[in-house]
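The values are calculated or read from the model by the stated rules, or taken from the named source; none is laboratory data. In this text, all values refer to a predicted model and were calculated from it rather than measured experimentally. Please note: Cβ atoms are built from the backbone with ideal geometry, for glycine as well, and neighbour counts cover all protein chains shown. Just the protein is used for accessible areas: all its heavy atoms, side chains included, with ligands, DNA and RNA removed. Shrake-Rupley method; radii C 1.70, N 1.55, O 1.52, S 1.80 Å.
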Amino acid sequence: MAECDFYESSLTDVLFERCELREATFSGARMKRVEIRGCDLAGLQGVEALRGARLRWSDVLEIAPLLATALGLEIVD
């Protein structure tokens, strides 16, 4: 499922489990009861559209840089 385009899609009752979602586009997507578990999320586009999705902590850590960029956070050492 690498490079899948979910642009402005409406996702309801979806489970992504151990999927390769590398470079997938979620911009403008609306999510209801969506869970993402153990997926490759590198290069995910439209991370802000994940609002409302459920993710494991390890998955959140994987996309932390994308979340920080979307929120305008500046990461310092």
Restricting the search to the range 62-77, which residues are part of a loop (DSSP other than H, G, I, E, B) and either open to solvent by 30 Å² or more (accessible area, probe 1.4 Å) or touching a Gly at 6+ places or on another chain (Cβ under 9 Å) (or both)? Gly72, Leu73, Glu74, Ile75, Val76, Asp77
How many of the residues making up the range 18-38 are in a strand (DSSP E or B) and aliphatic (A, V, I, L, M)? 3
Counting only residues that are within 10 Å of the chain's Cα centre (by Cα) and of a type in the set (A, V, I, L, M, F, W, C), which one in the range 20-38 is farthest from Cys4 (Cα to Cα)? Ile36
I need the full set of residues from the range 39-61 which are assigned to a strand (DSSP E or B), open to solvent by less than 70 Å² (accessible area, probe 1.4 Å) and under 17 Å from Met1 (Cα atoms), in order please. Asp40
When you scan the range 8-38, how many residues do you find that are open to solvent by 60 Å² or more (accessible area, probe 1.4 Å) and under 16 Å from Gly52 (Cα atoms)? 9
